[in-house]
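Coordinate-derived values only; no laboratory data. Just so it is clear, the model here is predicted, and its values are computed rather than measured. With ideal geometry, Cβ positions are generated from the backbone for all residues, glycine too; neighbour counts draw on all protein chains shown.
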Amino acid sequence: MDIRKKYGKKKIMLALVVSTFCLLSGCQGKAEEEVFATVDFEKMSEEDELKAALQTGENKTDSEISKEALPESTSEKQTENDILQETEEIEQQNNKPAPVKVKGIYVSGPVAGIDRMDELIALVDETELNAMVIDIKNDEGRITYKMQSEKVVEIEAGIRYIPDIEALVQKCKEKDIYLIARIVAFKDPYLAEKCPELAVKTKSGQVFKDKSGLAWVNPYEKEVWDYLIEVSREVAKLGFDEIQYDYIRFSTDLKSDELDFGPEAENKSKTDIISEFTRYACESLADMDVYVSADVYGTIIDNKVDQKIVGQDYVEMASYLDYICPMVYPSHYGNGVYGIDIPDAEPYKTVNAAMNAAAKELSVLSKEDRAINRVWIQSFTASWVNGHITYGPEQIREQIRGAYDAGFDEWILWNASVKYQRDSLLTDEEAAEEQEVWKLEKQEAERLAKEEAAKQEAERLAEEAARQEAERLAAEEEATKQAAESQQTPGTEAGTAEGATQADFE
């Protein structure tokens, strides 16, 4: 039984307990499914879940498994102890770092390998920052240090940007810096060149290249998946806390009707295969002490058209990942999106609107079964955008607040040149004070909004009551008028009656 696929990341440990019990008691296969089917784990605490799993397994053994299935020398108590011991060993092996509310910066491979890296480490140490996203497999498909893994060595993908990766990791860890390894997934011109059979191809058999002249590898090729996992596992061994996949998508320059993705693409959509790889990566790294995250286009959060183009299903991917990182750069949104004339000129409104949409989309998943949102923040000026504004400290803080007001407090700054503005960052104490101010201002804004809503509702009710009263009075007036018109003159009726009486007497 594939426990990760069947029960999700929150039940893997419990599934291992049940699987171990069934292995020892000879009830593998269908019995494991039946064991899980008898218990409602969603409503139990972890301790209760473990007890229920063990008890249910025991009941299964008592009722349906012959005594011959267990070694004669093995008692029930010994079996239970064996399971608990194995569970403890698994927990010790799964020694992920404590979760960190990331406030980070991106660092390229070349910068990570020179003296300037010391300045960036100092920047993190002296400010609210606590994390770095370091290029390990970059946009060119090169590994930024001389990684000694089979495929990397075979195709000579390693390049000595970072001369001593172990020393770099140690230096960062001495400053308690949370390390995230950026691994560019399917944008890989180097692998496409070395192994053209893995590249995206046109129907004529030519290697596809995007508008920048770069080749991409085919997400439908499982050999590409295994290469990415090979790199991921190697860097996890170094002490990185998290593996982050970027370009975990198809190129936006693709025209599907002109390309050949292979036979598997006939039955699986782009979103199917990207979601499948996401799950595969999380499962393949489950035994490593790392979290898994992915960068996604901000526009795919609530736009089905964009999801289909690049193959990123926001909710589906979030159901597998530990962290999902939408790139909600205001410069990346078209004019008019979210009702904002020029999104790049409205950093707060754009990020806030996007992340409110993110919260809404992910609300279909329980908190325990969805990735934590971590926002990519624009730390550059998009001079190519018509109507753009210069991005300085104010615009950066506005984006951070936009995410915060939507309920998200993790973020990473992106600047491709790795040039960050010191005055856009605060100390830990200043950041805490800022968030307290934001919190109070948000509460006040919500209070005023509720008052305004209540006032408008009261006015609406008053108008409705006045309208109903006016209609009632008008109806009464009309009824009175109609009653008067339907009656004849009283004197005529009386006279006629009186005349008839007199005639009778005559």
Built amide H within the under 5 Å cut-off of residue 296, gap 5+ = 325, 327
In debye, nearest 20: dipole of the range 303-435 around its Cα centre with unit charges on the Cβ of K, R (+) and D, E (-)?
-> 500
Separation between the residue 164 and residue 260 pseudo-spin-labels, each 7 Å from Cα along Cα→Cβ, expressed in nm?
-> 5.1
In what order do 323, 291 fall by count of nearby beta-carbon atoms within 10 Å, going from fewest to most?
-> 323, 291
Taking the Cα centre of the range 103-425 as the origin and placing charges on Cβ (Lys, Arg +1; Asp, Glu -1), which of 215, 343, 307 is farthest toward the positive end of the dipole?
-> 343
For the range 234-250, just list the computed ³J(HN,Hα) in residue order, Karplus coefficients 6.51, -1.76 and 1.60, θ = phi - 60°, integers in Hz, with x standing in for Gly and Pro.
-> 5, 6, 4, 5, 6, x, 5, 8, 8, 9, 10, 8, 10, 6, 8, 6, 8
What is the set of long-range amide H partners of residue 201 at a cut-off below 5 Å, with H atoms built 1.01 Å from backbone N?
-> 208, 260
Under a plain spin-label model, where a point goes 7 Å from the Cα along Cα-to-Cβ, how far apart in nm are residue 115 and residue 428?
-> 3.0
Quote the convex hull volume per residue of the range 412-466, based on C-alpha atoms, as a whole number of Å³.
-> 115
Pairs 101/237; 222/304; 203/360: which are spaced more than 32 Å apart, C-alpha to C-alpha?
-> 203/360
In Å, descending, principal axis extents of the Cα set of the range 147-272 | 52, 27, 25
log₁₀ of I(q)/I(0) at q = 0.08, 0.09 Å⁻¹ - the range 103-425, Debye sum with one point per alpha carbon | -0.35, -0.45
Dipole moment magnitude, nearest 20 debye, the range 103-425 about Cα centre, only Lys, Arg, Asp, Glu C-beta charged = 500
Given the pairs 103/270; 96/171; 308/439; 137/173; 171/442; 268/367, which span a C-alpha to C-alpha distance of over 30 angstrom in this model?
-> 103/270; 308/439; 171/442
Note, ³J(HN,Hα) from phi for the range 320-330, Karplus 6.51, -1.76, 1.60, rounded to Hz, x at Gly and Pro = 9, 6, 7, 9, 10, 10, x, 8, 8, 4, x
Apply 1/(1 + (r/R0)^6) to the Cβ-Cβ distance of residue 96 and residue 448, taking R0 = 35 Å, and write down the FRET efficiency to the nearest 0.05.
-> 0.25
